[in-house]
1. Relative to the present Cα-Cα distance, how much length would full extension add between Ser69 and Val109 at 0.36 nm per residue of separation?
2. Taking only C-alpha pairs under 8 Å that are 6+ residues apart, what is the relative contact order of segment 22-110 in percent?
3. If you take every residue apart from Pro57 with its C-beta less than 10 Å away from the C-beta of Pro57, what net charge results, scoring Lys and Arg +1 and Asp and Glu -1?
4. For segment 22-110, just list the percent of Cα-Cα distances falling in each 10 Å bin from zero outward, please.
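No value in this document is a laboratory result; all are computed from the given coordinates. Keep in mind it's a predicted model, so treat the numbers as computed, not measured. Note that we place each Cβ from the backbone using ideal geometry, even for glycine, and neighbour counts take in every protein chain shown.
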Amino acid sequence: MSNELAALILGEPYELPRRHEQQTLATPAYDAFLGEYRGEDALAIALEGDRLVVQFPPGNSVFEIVPESENQFFWKNREYYLTFERNPIGDVTGVSIRNEGEVTRWTRVAQPSG
């Protein structure tokens with residue numbers, strides 16, 4: 001919250017914390033998000049059972065994300081949320097991750113094989 005207040009005072013973009021509301025997406029829809037992403041480092045979005053997880057680094061599951069809309073997910077009980085970006089034909093090309101007022105962008109570099 002302090003990052004958001006500082007941004008407000010400095011006239012920079014900000015977004016106040018909000019209550020997330022979990023929506024339901026069919027598990028097959030999760031396939032669109034799977035793969036490796038590059039930004040400051042590497043991360044992966046993977047499926048574990050019927051749960052979508054963020055792996056940081058790839059292969060090391062850190063937290064489960066749940067859908068809030070078709071392209072936005074969040075980590076329960078935390079101020080992390082992920083907004084997936086799509087190209088004009090609907091393929092996921094990247095993700096922006098917001099954590100306590102800071103936003104980082106990750107570009108999708110690989111999809112799972114098979």
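1. Here the segment from Ser69 to Val109 would lengthen by 12.1 nm.
2. Worked out over segment 22-110, it gives 24 percent.
3. -2
4. Per 10 Å bin, starting at zero, the Cα-Cα P(r) for segment 22-110 comes out as 17, 58, 24, 1 percent.
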